[in-house]
Each structure stands twice: as structure tokens, then as C-alpha cells.
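Contents: one structure, followed by commentary.
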Amino acid sequence: MSRIFFSKNLVYNNMKKTFKYRLYPNKKMKKILNQNLKQCRFIYNYILNMRIEKYKKENISISKYDINKIITQLKKENVELKNIYSQILQNVSDRVDKAYKNFFNRVQKGETPGFPRFKKHNRYRSFTYPQNNGSFKIIDDKWLHLSKIGKIQIKLHRPLYGDIKTCSIKKTNTNKWYVYFTFECDEMTLPTSNKEVGIDMGIKTFAYFSDKEIIENPKTLKKSEKKLKKYQSKFSKEKKGTEKRKKFGKILCKIHEKIKNQRDDFLHKSSRYIVNKYQVICIEDLRVKDMIKKDKSKDNLEKHKDKLRNKNILDVSWSTLTQYLSYKAEEAGRDLILVNPRNTSKTCSGCGNLVPKGLNDRIHRCDKCGLDIDRDYNASLNILRLGLESLEVNAS
């Protein structure tokens with residue numbers, strides 16, 4: 001069964017978006033920002049511990065309202081907490097509450113989630129101003145003023161528009177600082193296109209379109225894998241706490257950050273290209289978790305093959321592409337249809353005959369109608385057909 005996300009008949013009055021900008025704090029500002037993170041982490045762990053102990057002793061849960069009163073009392077007693085904006089600390093309480101709700105929601109669904117954990121110093125990296133009530137503002141397109149922190153240089157590489165709701169400050173593993181503005185704005189629909197496309201996503205070829213266009217797999221991880229293995233080996237050989245281990249750890253963080261940035265850049269550009277060109281976009285509804293193979297009963301050779309395949313599947317990031325396509329399609333007024341991928345490669349796009357194939361069979365050859373085409377191209381034609389059928393059924 002296909003899932004249709006956005007229809008041409010739907011009208012969106014406004015939508016939420018998030019823009020990310022780089023911050024360049026000086027030494028003084030870095031110290032204050034790190035102090036904010038430290039105190040937020042302390043409050044997070046304090047609240048989590050309090051909720052756990054309360055449940056163990058009295059078998060009851062503390063309400064968010066009571067927690068906020070406790071935070072207010074802590075702020076009066078702790079000098080360092082007085083320098084933290086009050087709504088930032090309330091947002092920390094919201095995070096703990098959200099972690100609990102997500103945990104119990106997953107339990108009810110029959111999943112086995114991990115219980116909310118205490119945060120180490122390198123695991124708590126952001127804090128949020130949840131309301132735009134003058135607590136943050138941009139000055140002369142060069143500075144970001146944060147309440148109880150001060151002015152920080154910001155690079156506005158693109159203009160902000162709409163009604164800004166929240167502001168989040170985040171520190172990366174490589175000690176870079178970013179700000180995330182969430183805002184509401186009117187939809188910006190693109191001119192209607194008369195083009196429709198089915199897209200088969202794969203590993204050898206990242207995307208094969210039903211109009212025979214191809215997007216090659218950039219293999220971002222493979223390009224940096226040699227360097228990654230080199231420093232991972234050096235890192236693991238050093239003893240914990242040594243300066244050399246810290247040095248190699250920083251290098252590893254930079255390599256991972258580069259891989260992530262390259263992958264995100266590729267996926268954003270690819271999704272933007274697809275949304276700009278096509279009105280109806282049909283793609284596979286891939287369940288990546290179900291595709292990852294972990295069979296302990298296999299021999300070492302088979303385990304190695306599965307490991308390589310799993311690594312390649314995670315590297316192409318099909319789920320992230322679907323996510324980027326979904327919100328870009330919503331904003332542009334496009335139709336995004338997620339098609340059940342079952343037998344899309346095996347079914348003949350010419351006559352509907354089922355042609356069994358292995359993973360290494362790259363050509364589709366039908367004994368019934370004689371069709372002889374690329375396996376991925378055949379799949380893309382089937383995806384387009386199934387997507388358009390779903391759209392017609394939904395319209396009727």
C-alpha cells in the first residue's frame with residue numbers, strides 16, 4: 001500500500017522551518033556558553049535522578065509543574081544558576097519530560113527502548129530559548145544578542161523571514177557553535193510542473209529515474225574511510241586520559257563531521273533538484289532497519305559480506321533523502337508518494353510477469369514479453385506506475 005504525503009488539492013497556510021547559522025564567539029563568550037551547557041546538564045541529571053528516586057520510594061511521578069518550582073528554588077540557592085536565563089532551565093525540564101513520554105510511548109508500541117540516561121559532559125551540547133519574548137535578537141545582521149549571555153558574532157548567510165519562535169544554541173564535537181532559529185512562514189509554492197517520476201534508490205546507483213536520468217552514489221564514507229581507519233587505530237592504541245588519545249579523538253571528530261557535512265550537502269542538493277523538476281514524485285518506502293542483516297549463525301565470510309552491505313546501506317541515507325524530500329515537497333506544493341518496494345525489481349514493467357533475480361543480476365530480461373532493460377530502470381517504471389495508481393485512487 002502506498003502512502004501519499006502531499007496532494008495538489010491541499011492548501012497550507014503556514015509551515016514551520018528551521019535555519020542554521022554559524023556563530024563565532026570570542027573567548028569570553030565561549031566560557032559563558034560552556035557554563036550554560038554545564039548548568040543545563042546539571043539540572044537535567046538532577047531532575048532525572050529526582051524522578052527516579054521518587055518513583056522508587058513512593059511509586060509516583062513528579063509533575064512538570066512541581067519540577068519547575070524545584071528549579072526556581074535551586075536557582076535561589078545556587079549562585080551559578082542565577083546567571084542562566086530562567087526559560088532555558090524550564091526547557092531542560094521539558095526535555096526530561098519528553099524523554100520519559102517517548103520511552104513509555106515506545107514501550108506501549110511493543111518496542112524495547114532504553115530508559116532515559118544521565119548526560120555526560122560531552123553528551124549535553126545544546127540549550128534553547130523556547131519563546132521569542134525579547135530574550136534573543138539579531139543586531140545589524142552581524143550580532144546575535146542572547147539574554148544573560150551577551151553579543152555573539154553571527155554569519156547570516158541567508159536572510160531570515162517569518163515569525164521566529166525559538167532559538168537553540170548548539171556546540172559540535174569539533175567545538176564549533178551554531179544557532180538554530182525555528183520560525184513560521186507562508187508556504188512558497190513553485191510553478192506547477194507537468195513532469196512525473198518514479199525513483200528507484202540503490203547502492204551501486206544512488207537514484208535511477210523513470211526518465212532514464214541517473215544520480216550516482218557519491219560514496220562519502222568510502223572516500224574518507226582510509227583516513228578514518230588510520231586514526232581510529234591510533235586512537236584505540238592510546239591509553240584513556242592521555243593527551244595523544246585526546247588529540248586523535250579530535251581528529252576523528254573532524255573526519256566524521258566532514259563525512260556528515262558532505263552527505264547532507266549531497267542529499268539537500270539532490271532533493272532540491274528533484275522537487276524543483278517534478279510535480280509528482282514516487283519513491284520506495286524503504287524500511288532501513290528491516291534491511292540491516294545481523295545473523296550470528298552465519299560464518300565469518302557471510303558476516304563480513306553483511307557488514308559491508310549494511311555499511312553501504314547506511315552510507316547512502318535513503319531515510320534522510322525521504323525526509324528532505326517530504327518537507328521540500330510540502331513547501332513547494334508537490335506530491336510525494338511512498339510506494340511499497342515489494343517486487344518492484346522483479347516485476348516486468350512491460351507485461352507484469354514476475355522475473356526472479358539475485359542481487360548481482362543487473363539486467364531485467366523477461367521471457368514472456370522479451371523486455372531487456374536495466375534492472376533499476378525497470379524498477380523505477382514500476383514505482384511510477386504504482387505511485388500514479390495510488391494517486392488516482394486517492395483522488396477518486
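Read-outs throughout are calculated quantities, based only on the coordinates presented, and are distinct from any laboratory measurement. What you see is a predicted model; the values in this text were computed from it and never measured. Note that we place each Cβ from the backbone using ideal geometry, even for glycine, and neighbour counts take in every protein chain shown.
Among the listed values [x] 88, 53, 48; [y] 69, 50, 49; [z] 81, 54, 48, the one computed from these coordinates for Cα extents along the principal axes in Å is [z]. Backbone amide hydrogens, once placed in the peptide plane, bring Trp143 within less than 5 Å of Ile154, excluding anything fewer than 5 places away on its chain. Straight-line reach from Lys212: taking Cα to Cα under 17 Å and skipping same-chain neighbours fewer than 8 places apart, the lysines in range are Lys195, Lys204, Lys277. Across segment 192-208, coupling constants 3J(HN,Hα) worked out from phi with the 6.51/-1.76/1.60 Karplus curve, θ = phi - 60°, read 4, 9, 9, 9, 10, 8, x, 10, 9, 9, x, 9, 4, 10, 4, 8, 10 Hz, and Gly and Pro carry x. Our coupling estimate for segment 228-242, obtained by passing each phi through the Karplus curve with A = 6.51, B = -1.76, C = 1.60 and θ = phi - 60°, is 5, 5, 4, 7, 5, 5, 5, 5, 5, 7, 7, 6, 5, x, 7 Hz, Gly and Pro reported as x. For Phe127, the residues whose modelled amide H falls within less than 5 Å of its own, excluding neighbours fewer than 5 places apart on the same chain, are Ile169. Spin-label pair Met291-Leu314: with each label point 7 Å from Cα along the Cα-Cβ axis, the two points sit 1.4 nm from one another.
Could you give log10 I(q)/I(0) at q = 0.17, 0.34 Å⁻¹ for segment 342-384, computed by the Debye formula over C-alpha point scatterers of equal weight, without solvent? The computed values of log10 I(q)/I(0) come out as -0.34, -1.45. Between Gln35 and Glu243, the contour length at 0.36 nm per residue exceeds the alpha carbon distance by 72.5 nm. Using C-alpha pairs under 8 Å with a sequence gap of at least 6, the mean separation divided by the residue count of segment 191-395 gives a relative contact order of 26 percent.
Kindly work out what percent of the DSSP beta bridges joining two residues of the chain are antiparallel, to the nearest 5. Bridges in the chain are about 85 percent antiparallel. Since only Gln131, Asn36, Gln153 are under comparison, the one whose Cα sits farthest along the positive direction of the charge dipole of the chain, derived from C-beta charges on Lys, Arg, Asp and Glu, is Asn36. Extension gain, Gln131 to Tyr273, is 47.7 nm, computed as 0.36 nm per intervening residue step minus the present C-alpha separation. For the residue pairs Lys98/Lys119; Lys227/Lys247; Lys119/Lys142; Lys27/Lys230, alpha carbon separations beyond 24 Å are given by Lys119/Lys142; Lys27/Lys230. For Asn353, nonlocal amide neighbours, meaning residues 5 or more places apart or on other chains whose placed amide H falls under 5 Å from its own, are Cys348.
Dividing the summed helix terms, -39500 (n - 2.57) for each DSSP H run of n ≥ 4, by the number of residues in the chain produces a 222 nm estimate of -15500 deg cm²/dmol to the nearest 500.
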